[in-house]
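The values are calculated or read from the model by the stated rules, or taken from the named source; none is laboratory data. Small disclaimer: the values here were computed from a predicted structure and weren't measured. When we count neighbours, we look across all protein chains shown, and the Cβ atoms used for this are built from the backbone with ideal geometry, even at glycine.
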Amino acid sequence: MNLEHLYTAIERVRSTCHGQHSRESSCMRTYPVLLESARLPARDTVQSFLRVACLAHAWLPNALRLDPAELQAAVAAFESARTATLGVDASQIDPIAASLSSVVAAATVLHLANPAVFPFWDHRIEGYRLGEEPSGYHMGQSRYYVAFIEEVRELTQHPLFLTFHNDYCTAYQARLQRLRIPPYSLTEPRVVESAIAELAGARGED
């Protein structure tokens, strides 16, 4: 996975326009709403976590499955992740994944909580990163999500990343305009993940 390969995603964004009723279009339209809703004040930290977990599952094919025995640890990890900047590790992911019975669900929750640090992660993205179809066991291991986060961070530190970021966002905003979706900004991890998703194809069924 390197910046040169990701550049090919820009042309895909420029040339491909999803249908108004497609899942991709719906995700693009609702993304800023999910982020805004995730930031709203809550009565307490438990309510905040549960709300974001519900929001995350609006984008996931599987219904929310919550393990109450893991809830308090998940809430603590969630609160830690909301203010994370560097040094992400499995301790911020595993409790949430245990509570939701899914690392993919945990990654979605973490992105909504802190999109400047945590990218989305799913079966299709990991398949592109590996160059082969990941197993269910693989997708259940948080260390692979941590490895993806680290690769994303390395890409964002590339000397030419700022140019890529600007070019990708320009193409993405033009796509939003074609779909009559109000413009919104993308964080650096979101740009990398979105570009990979373009190259990997349609959203998977994790």
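General observations
- Region 67-93, subset under 21 Å from H123 (Cα atoms) and touching a residue at least 24 places away in the same chain (Cβ under 8 Å), residue surrounded by the most Cβ atoms within 10 Å (Cβ to Cβ): I93
- Restricting attention to region 85-122, the residues being at pLDDT 95 or above and either among the acidic types (D, E) or assigned to a helix (DSSP H, G or I) (or both) number 19.
- Taken residue by residue, region 132-148 has no member that is assigned to a helix (DSSP H, G or I), within 24 Å of T16 (Cα to Cα) and either out of contact with any Gly (no Cβ under 8 Å at 6 or more places or on another chain) or of a type in the set (D, E) (or both).
- Subset of region 121-148 (residues that are surrounded by 20 or more Cβ atoms within 10 Å (Cβ to Cβ) and among the β-branched types (V, I, T)): I125
- Residue within region 144-161 that is within 21 Å of S25 (Cα to Cα) and either in contact (Cβ under 8 Å) with a residue 60 or more places away in the chain or of a type in the set (A, V, I, L, M, F, W, C) (or both) present: no
- Among the residues listed as A58, A74, the single one being within 22 Å of A90 (Cβ to Cβ) and either at pLDDT 95 or above or not aromatic (F, W, Y) (or both): A74
- Scanning region 1-25 for residues that are polar (S, T, N, Q) and surrounded by 16 or more Cβ atoms within 10 Å (Cβ to Cβ) gives a single hit, S25.
- The C-beta contact set for region 188-200 (first residue closer than 14 Å to L112 by Cα, second residue of a type in the set (V, I, T) and not in a helix (DSSP H, G or I), distance under 9 angstrom, 6+ apart or interchain) comprises P189/V117.
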